[in-house]
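The values are calculated or read from the model by the stated rules, or taken from the named source; none is laboratory data. Bear in mind that the values here come from a model prediction, so they are computed numbers and not experimental data. All Cβ positions, glycine included, derive from the backbone under ideal geometry; neighbour counts span all protein chains shown.
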């Protein structure tokens with residue numbers, strides 16, 4: 001068991017290394033001088049200022065040295081200096097990361113709460129109208145882009161599109177220390193928006209996995225033994241079906257992070273993704289690198305946790 | 001042909017075809033049908049509702065939304081179709097070669113290809129766009145790179161199975177050269193799951209491109225793209241709901257149709273795959 | 001011995017067993033261990049043994065589908081292992097194989113026409129469509145397939161018919177030698193007879209030499225002129241078919257024969273049940289491979305490996321029991 005965890009840890013470290021290398025190299029592969037781009041954009045910046053910036057960014061050192069500096073810095077928590085915000089990159093990220101994590105976490109939680117039971121239920125009601133309705137809903141759920149979903153919610157709940165009397169705040173962020181209620185009213189819609197798409201995928205996979213488990217040989221044997229249907233379902237089917245679902249949830253992390261990027265923009269949730277978009281628009285390369293590195297690392301970490309969890313649940317995987 | 005008959009019988013296939021064919025036609029016929037130049041601004045009629053002159057109203061610059069909608073399909077489809085084709089070719093090639101070669105070389109190829117999967121797709125896309133610029137051409141390259149691993153994985157695992165088959169041994173035993181074996185015997189037998197993936201990748205690519213355009217990092221104005229239109233429309237939700245409604249509807253329908261097509265192809269080409277939907 | 005078509009000298013093939021995180025080799029499977037035999041032109045040389053004895057590996061090594069680790073494979077006097085490229089390709093058309101499983105030996109995506117034409121096309125790029133069709137139809141006729149089947153797909157045929165297609169494909173380039181690797185094991189008994197008769201028929205008409213591989217001793221006996229018995233990668237006995245069937249000298253062969261339910265055998269043969277475990281091919285016993293299960297095993301058997309020696313004209317056995325009878329080869 002420990003060997004399995006160590007092995008997965010090793011693989012994750014390699015992935016982190018690969019990611020950081022790619023992120024690092026990207027800056028050096030782009031056409032044009034990064035410093036020039038940062039200062040000027042379209043206009044012609046002062047060559048002296050460009051030279052100063054190059055020195056600051058360490059662009060004049062040989063490539064392997066730059067890489068070493070960067071990796072060592074990253075491990076130590078120093079991701080460089082944000083040009084647009086005039087503060088260390090780490091500081092920018094540190095303020096925003098918890099907010100993105102909160103949004104992503106809430107969304108994943110909601111997605112599981114919605115998707116898992118619905119998946120189980122629709123598998124049990126296979127072929128009936130309720131099943132058809134739900135599977136169609138799930139199909140829609142995976143086809144509607146996050147931002148469209150977001151605006152539908154805004155239209156209904158904030159702008160009172162259906163005249164139902166809702167008027168929730170559609171944007172912004174309120175620190176929880178200021179007002180718990182205010183904080184959560186602003187969290188609900190973005191989290192729900194993000195959650196629905198993922199819930200749809202989870203629902204589909206849970207349903208399919210349940211159907212597999214229900215038709216399995218072991219279930220037939222259990223029924224033959226005389227166990228009541230509900231006991232069969234609860235004790236055996238769900239437990240067996242649950243294992244591949246863990247993998248599915250793991251696979252959804254990619255969608256989750258992608259979704260937060262769009263969701264934060266729709267709801268003006270000041271998280272890491274909006275920071276990234278801003279950085280891209282302002283060509284703040286140290287900040288771009290930092291954000292992508294942190295977000296990818298979270299992704300890899302999440303996958304590690306899921307893999308280990310899977311290993312715990314399914315001895316065959318070890 | 002038996003295949004065609006099976007396609008027509010499948011409800012999902014028919015539905016998605018009904019949606020997708022007009023959309024594909026829009027690519028070519030858009031300019032013909034559009035009542036106005038999508039870039040033409042009519043400043044006296046900004047954010048107007050629908051009227052005979054402007055069937056879906058106008059945007060904040062007075063441009064005809066309907067015309068922009070018709071033109072907007074092109075960049076999305078270009079990125080999705082060409083990018084997916086690129087991913088299909090690159091991924092299949094890498095996967096089949098890695099699977100056939102086997103051993104350390106094969107594993108190495110697959111490990112390298114799979115590093116791309118360490119990134120959530122939109123992040124990688126944003127990074128490429130940030131460094132290399134926006135525009136349809138770069139987006140096509142991004143899509144091709146992003147989805148190559150998906151095709152490679154499928155091609156690789158299928159090739160591993162097919163390679164052990166005796167008819168492949170026979171091909172080698174009659175002296176067929178390796179390229180001939182790969183292209184003539186292995187490739188046709190691993191094609192089915194790859195085709196299913198094409199459909200799913202197209203829908204993911206559309207989502208990606210529209211997401212990027214929405215953020216302002218995809219197709220640049222004034223050229224229209226559905227995602228971009230939605231992005232622009234968000235400030236005007238309360239003023240002209242049609243502005244955001246139509247591109248959203250078209251986008252959702254297209255993605256839904258592409259997804260359903262993927263499911264339909266899965267039903268037709270590989271009924272052995274358990275019903276996942 | 002008559003005109004020798006295939007001369008196999010001390011061929012060995014081992015496979016590393018991979019395991020661990022970095023695919024380290026944990027051991028070696030001695031699939032084929034120092035195998036030598038000769039096949040005369042025009043005869044049917046039977047190769048019999050249980051699953052895992054190395055018959056399939058040997059057949060692949062003969063066809064150069066896998067590369068043997070050591071030894072020589074002389075086809076008409078020339079070493080196949082030393083050939084490359086063009087030369088090897090020409091030789092390939094003269095040695096073909098009929099495979100065991102009718103369901104995986106034919107490309108499901110190709111029609112009968114394409115399957116049978118493929119070898120012809122590989123060796124003659126410029127052949128015209130009409131000429132190709134003529135040759136394909138001729139071949140289909142030889143194996144008893146109706147010409148109407150030419151554009152059908154493998155899944156539309158029964159097991160026996162698919163084997164016929166496989167046989168047509170094998171004789172397409174007029175080969176000298178055909179290796180039949182368990183060609184009827186996957187077929188129903190009634191069909192087996194038909195295919196075996198077809199094979200015998202073709203042998204006469206096309207002047208073929210067969211290596212006939214099977215785990216079924218009675219089938220091998222029916223088809224073969226001479227038979228070699230394989231156990232765990234080595235040949236333990238080679239003799240003429242009738243002689244082997246009557247006298248079976250090696251203890252393993254005796255056990256195999258005793259297991260055949262044959263009501264015609266006058267004195268009811270006592271069923272020899274082998275004791276002991278089948279040794280793992282990864283760690284074969286130091287001495288005679290069969291020593292762990294042999295009722296007659298001695299200390300010498302466990303320590304030393306017996307060589308394949310002539311005990312009389314045309315009869316070779318690898319067993320210390322008979323050493324006094326024969327001289328060195």
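Remarks
- Enumeration of residues in the range A:116-127 that are in contact with a helix residue (DSSP H, G or I) (Cβ under 9 Å, 6 or more places away or on another chain) and part of a loop (DSSP other than H, G, I, E, B): A:125, A:126
- When residues of the range A:271-292 are limited to those that are in contact with a helix residue (DSSP H, G or I) (Cβ under 6 Å, 6 or more places away or on another chain) and either surrounded by fewer than 22 Cβ atoms within 10 Å (Cβ to Cβ) or within 15 Å of residue A:191 (Cβ to Cβ) (or both), the one nearest to the other protein chains (Cβ to nearest Cβ): A:277
- Residue check, residue A:59 more than 18 Å from residue B:129 (Cα to Cα), touching a helix residue (DSSP H, G or I) at 6+ places or on another chain (Cβ under 8 Å) and more than 10 Å from every other protein chain (Cβ to nearest Cβ): yes
- Single condition residue B:230 does not satisfy, out of (1) farther than 30 Å from residue C:120 by Cα; (2) in contact (Cβ under 8 Å) with a residue 40 or more places away in the chain; (3) assigned to a helix (DSSP H, G or I); (4) facing another protein chain (nearest Cβ under 10 Å): (2)
- Just one residue in the set B:47, B:20, B:39 is in contact (Cβ under 8 Å) with a residue 24 or more places away in the chain and assigned to a helix (DSSP H, G or I); that residue is B:20.
- Flag if residue C:119 is facing chain B (nearest Cβ under 9 Å), within 25 Å of residue C:44 (Cα to Cα) and in contact (Cβ under 8 Å) with a residue 24 or more places away in the chain: yes
- When each of C:85, C:128 is tested for being surrounded by fewer than 20 Cβ atoms within 10 Å (Cβ to Cβ) and under 21 Å from residue C:176 (Cβ atoms), the lone residue that passes is C:85.
- Hey, residue B:136 under 28 Å from residue B:228 (Cβ atoms), touching a residue at least 24 places away in the same chain (Cβ under 8 Å) and crowded, with 22+ Cβ neighbours inside 10 Å or not: no
- Summed over the range C:58-91, the residues that are over 25 Å from residue C:42 (Cβ atoms) and in contact (Cβ under 8 Å) with a residue 60 or more places away in the chain give a count of 1.
- Filtering C:37, C:45 for residues that are closer than 21 Å to residue C:289 by Cα and part of a strand (DSSP E or B) leaves a single hit, C:37.
- When residues of the range C:51-77 are limited to those that are in contact with a helix residue (DSSP H, G or I) (Cβ under 8 Å, 6 or more places away or on another chain) and surrounded by fewer than 17 Cβ atoms within 10 Å (Cβ to Cβ), the one nearest to residue C:120 (Cα to Cα): C:65
- Residue B:230 crowded, with 22+ Cβ neighbours inside 10 Å and on the phi < 0 side of the Ramachandran plot: yes
- The sole residue among B:182, B:217, B:265 that is buried (at least 18 other Cβ atoms within 10 Å of the Cβ), in a loop (DSSP other than H, G, I, E, B) and out of contact with any strand residue (DSSP E or B) (no Cβ under 8 Å at 6 or more places or on another chain) is B:217.
- Every residue from the range B:94-111 that is farther than 17 Å from residue B:194 by Cβ and touching a residue at least 60 places away in the same chain (Cβ under 8 Å): B:102
To keep it simple, each residue is scored yes or no on (1) within 25 Å of residue C:211 (Cα to Cα); (2) at pLDDT below 90.
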residue: C:96; (1), (2): yes, no
residue: C:100; (1), (2): yes, yes
residue: C:113; (1), (2): no, no
residue: C:128; (1), (2): no, yes
residue: C:132; (1), (2): no, no
residue: C:137; (1), (2): no, no
residue: C:141; (1), (2): yes, no
residue: C:144; (1), (2): yes, no
residue: C:155; (1), (2): no, yes
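- Test for residue A:19: is it surrounded by 12 or more Cβ atoms within 10 Å (Cβ to Cβ), in contact with a strand residue (DSSP E or B) (Cβ under 9 Å, 6 or more places away or on another chain) and either within 21 Å of residue B:119 (Cβ to Cβ) or at the interface with another protein chain (Cβ under 10 Å from one of its Cβ atoms) (or both): no
- Scanning the range A:34-52 for residues that are touching a residue at least 24 places away in the same chain (Cβ under 8 Å) and either outside any helix (DSSP H, G or I) or within 20 Å of residue B:145 (Cβ to Cβ) (or both) returns a single hit, A:41.
- Among the candidates B:96, B:109, B:141, B:122, the residue that is away from every other protein chain (no Cβ under 11 Å), crowded, with 23+ Cβ neighbours inside 10 Å and part of a helix (DSSP H, G or I) is uniquely B:96.
- Checked against the criterion of being assigned to a loop (DSSP other than H, G, I, E, B) and not assigned by TED's automatic domain parsing to the domain that holds residue A:281, the range A:7-26 has no qualifying residue.
- Any hit, the range B:192-209, residues being crowded, with 21+ Cβ neighbours inside 10 Å and facing another protein chain (nearest Cβ under 7 Å): yes
- Residues located in the range C:232-243, provided they are surrounded by 24 or more Cβ atoms within 10 Å (Cβ to Cβ) and in contact with a helix residue (DSSP H, G or I) (Cβ under 7 Å, 6 or more places away or on another chain): C:236, C:237
This table checks each residue for (1) under 17 Å from the mean Cα position of the chain (by Cα); (2) within 17 Å of residue B:125 (Cα to Cα).
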| site | (1), (2) |
| --- | --- |
| A:296 | yes, yes |
| A:299 | yes, yes |
| A:302 | yes, no |
| A:306 | yes, no |
| A:310 | no, no |
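- Inside the range C:137-155, residues that are within 17 Å of residue C:172 (Cβ to Cβ) and touching a residue at least 24 places away in the same chain (Cβ under 8 Å) make up a count of 9.
- Each residue in the range C:83-104 was checked for being part of a loop (DSSP other than H, G, I, E, B) and out of contact with any strand residue (DSSP E or B) (no Cβ under 8 Å at 6 or more places or on another chain), and 7 pass.
- Selection within the range C:156-176 - within 12 Å of another protein chain (Cβ to nearest Cβ), out of contact with any helix residue (DSSP H, G or I) (no Cβ under 7 Å at 6 or more places or on another chain) and either surrounded by fewer than 23 Cβ atoms within 10 Å (Cβ to Cβ) or more than 25 Å from residue C:51 (Cα to Cα) (or both): C:156, C:175
- Going through (1) surrounded by fewer than 24 Cβ atoms within 10 Å (Cβ to Cβ); (2) within 14 Å of chain A (Cβ to nearest Cβ); (3) in a helix (DSSP H, G or I); (4) in contact (Cβ under 8 Å) with a residue 12 or more places away in the chain one by one, residue B:147 falls short only on (1).
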